[in-house]
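The values are calculated or read from the model by the stated rules, or taken from the named source; none is laboratory data. Just so we're clear, the structure is a prediction, and the values are computed from it rather than from any experiment. Virtual Cβ from ideal backbone geometry, glycine too; neighbours counted across all protein chains shown.
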Ligand SMILES: [Zn+2]
């Protein structure tokens, strides 16, 4: 069972997606991020949103910031809006996609 070099178990399902890190030819390296799935309307990708606190020293307070990334969704992984997805950096797959979903779970 291929784990694509990550400490994440391969999905139970198999797929023939060449852009799958488990069953295809995409290698993952670099950053591993976790964020909430906010859009699944794309055909082969999902939008992940990450929220973080940015400290402002002058006022001693923090502001909430968020950033979004698009990530390729392999055929063997199901992602639904509201789930927490783990995405791994890979080579650029298109103009704006250089991450691939490696896991998506309901709980936070
Ligand atoms: Zn796959």
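Being free of Cβ contacts under 8 Å to residues at least 12 places away in the same chain and in a strand (DSSP E or B) is the filter; apply it to region 59-79 and report the residue that is nearest to residue 91 (Cα to Cα).
Ranking the qualifying residues of region 59-79, first place goes to 63.
With respect to the conditions (1) free of Cβ contacts under 8 Å to residues at least 40 places away in the same chain; (2) surrounded by 12 or more Cβ atoms within 10 Å (Cβ to Cβ), residue 83 falls short on a single one, namely (1).
Residue check: is residue 42 in contact with a strand residue (DSSP E or B) (Cβ under 6 Å, 6 or more places away or on another chain) and within 18 Å of residue 96 (Cα to Cα)?
no
Residues in region 23-58 that are buried (at least 16 other Cβ atoms within 10 Å of the Cβ), free of Cβ contacts under 8 Å to residues at least 60 places away in the same chain and in a loop (DSSP other than H, G, I, E, B): 23, 24, 40.
Can residue 94 be described as surrounded by fewer than 16 Cβ atoms within 10 Å (Cβ to Cβ), outside any strand (DSSP E or B) and either under 15 Å from the mean Cα position of the chain (by Cα) or away from the ligand (no atom under 16 Å from the Cβ) (or both)? So residue 94 fits the description; yes. When 38, 26, 47 are screened for being under 23 Å from residue 13 (Cα atoms) and at pLDDT 95 or above, only 47 passes. Checked against the criterion of being within 14 Å of the ligand (Cβ to nearest atom) and surrounded by fewer than 16 Cβ atoms within 10 Å (Cβ to Cβ), the candidates 15, 76 yield just one match: 15.
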